[in-house]
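To start, the structure under review is shown below, and the notes come after it.
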Amino acid sequence: MRPVRRTILLLACCVASWTASSCLPAGEHGSALGDEHADLAPDGGAPADAPTDDDAGPRTDDEPPDAGAPEQGVTCTGDHTVSGCAPDGEGDLRCSLAHGGRTREYLLHVPPMLEGPMPVVFAFHGLRTTAGLQRWISNMNDAADAHGYVVVYPEGIGTSALDQSFNAGLCCGVAQASAVDDVGFTLAILEVLRAPLCVDARRVFATGLSNGGHMAYRLACERADVFAAIAPVAGLVTVASCTPARPVAVLHFHGTEDRIVGYSTGIDGITGAVDTVERWAERDGCASTPAAVHENGEASCVAYPDCQGGASVELCTIEGGGHTWPGGEELTVLGHTTQDLDATERISQFFAAHPMP
């Protein structure tokens, strides 16, 4: 069996398993959301020797004060030479940077012949998965080449590649238990990319699956000054308080048969997809009654009209869909993956229509 395929199957096993006993060492980690989120490790706490992250407190020297915000002093070199990067063997770059006392990594895809200013999409993986798996599931590189944007696939942290997570507030895994500053990590990546890729500060976006979708919501809640729009897949708002600085456009995808982040039930006191999107529409000052904007087989999308600040809030529901990426690669252990809607293509179009006002 090819190494990449074997890794994908192992990661799928870990995500789908309630205990992951066949994939991970005993004593792995859960989150403040409890063990009914099957993306999360079951025992609810980090090991005694898990590293802590000082970045949860005051800003450190390796976190630029306003990373990601438009800055007049930034010189755009446009030479595409990003520090700390090397070829990953799959056609992209594997990059690293120091942040919060750790060496953090991410995959970087830069479309050929793309000239600045460049839009950037951050695509976050789910718990117990990797940047490489997120790239494979979403097929986002192909869309990036077609539409002309850079993709960043951040790596979470964990005791192994099969135990990675992001701190999305009340979730997930080692990252949440150790109060890792993943918002700061994301902004630090953006700062590294800004000059060599001539990043367009009005077109920075976030998407992700599950824990990665939660992370996208956190960025919209806390850094609406940086992220123009987000597109969570099977994600929820998992921060205690969400007060975006401005209306942020949201495109949310969710399957009705998601057994991990329930479409109706949500996770551990956090309500499901419909309530999440309704509340976001309220934040954006949209009209309260959504209108149908897309129907095809198992997939239907509704949008809340008349949002403030040029924002748009949409919910795409996949009837019978599992904890999966619509139109993406299939991982049957996570439920049904519809091919009636291409989430990556719809995300690409949505982001193109919603730059920063």
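Looking at the structure I just gave you, is Ala98 buried (at least 17 other Cβ atoms within 10 Å of the Cβ) and either modelled with pLDDT of 95 or more or in a helix (DSSP H, G or I) (or both)? When the stated conditions are applied, Ala98 does not pass them. For Ala240, the conditions (1) assigned to a strand (DSSP E or B); (2) touching a residue at least 60 places away in the same chain (Cβ under 8 Å); (3) of a type in the set (A, V, I, L, M); (4) more than 26 Å from Leu162 (Cα to Cα) are fulfilled apart from (1). Of Ser160, Ser165, which residue is more than 18 Å from Arg218 (Cβ to Cβ) and of a type in the set (Ser, Thr, Tyr)? Sole residue among the options that is more than 18 Å from Arg218 (Cβ to Cβ) and of a type in the set (Ser, Thr, Tyr): Ser160. Candidates in the stretch 200-219 are the residues that are in contact with a strand residue (DSSP E or B) (Cβ under 8 Å, 6 or more places away or on another chain) and surrounded by fewer than 24 Cβ atoms within 10 Å (Cβ to Cβ); of these, the one that is nearest to Ala131 (Cα to Cα) is Arg203. Can we say Gln134 is farther than 23 Å from Ala353 by Cα, in a helix (DSSP H, G or I), within 11 Å of the chain's Cα centre (by Cα) and in contact (Cβ under 8 Å) with a residue 12 or more places away in the chain? Criteria met by Gln134. Against the test of being over 21 Å from His323 (Cα atoms), without any contact (Cβ under 8 Å) to a residue 24 or more places away in the chain and of a type outside the set (A, V, I, L, M), the options Arg94, Arg202, Arg194 yield a single qualifying residue, Arg94. Considered as a group, the residues in the stretch 304-341 that are surrounded by fewer than 20 Cβ atoms within 10 Å (Cβ to Cβ) and free of Cβ contacts under 8 Å to residues at least 60 places away in the same chain include one that is farthest from Ala228 (Cα to Cα), and that residue is Thr332. Residues in the stretch 166-197 that are touching a strand residue (DSSP E or B) at 6+ places or on another chain (Cβ under 7 Å) and outside any helix (DSSP H, G or I) were compared, and the one that is nearest to Leu108 (Cα to Cα) is Leu197. Among the residues in the stretch 93-102, are any among the polar types (S, T, N, Q) and either farther than 25 Å from Ala228 by Cβ or in contact with a strand residue (DSSP E or B) (Cβ under 6 Å, 6 or more places away or on another chain) (or both)? Checked the stretch 93-102: at least one residue is among the polar types (S, T, N, Q) and either farther than 25 Å from Ala228 by Cβ or in contact with a strand residue (DSSP E or B) (Cβ under 6 Å, 6 or more places away or on another chain) (or both). Condition (residue is part of a helix (DSSP H, G or I), closer than 16 Å to Leu127 by Cβ and out of contact with any strand residue (DSSP E or B) (no Cβ under 9 Å at 6 or more places or on another chain)) applied to the stretch 148-161: is it met by at least one residue? Yes, because at least one residue in the stretch 148-161 is part of a helix (DSSP H, G or I), closer than 16 Å to Leu127 by Cβ and out of contact with any strand residue (DSSP E or B) (no Cβ under 9 Å at 6 or more places or on another chain). Give me a count of the residues in the stretch 266-288 that are at pLDDT 95 or above, surrounded by fewer than 17 Cβ atoms within 10 Å (Cβ to Cβ) and in contact with a Gly (Cβ under 9 Å, 6 or more places away or on another chain). Residues in the stretch 266-288 being at pLDDT 95 or above, surrounded by fewer than 17 Cβ atoms within 10 Å (Cβ to Cβ) and in contact with a Gly (Cβ under 9 Å, 6 or more places away or on another chain): 2 in total.
The values are calculated or read from the model by the stated rules, or taken from the named source; none is laboratory data. A quick note: this is a predicted structure, and the numbers were derived from the prediction, not measured. With ideal geometry, Cβ positions are generated from the backbone for all residues, glycine too; neighbour counts draw on all protein chains shown.
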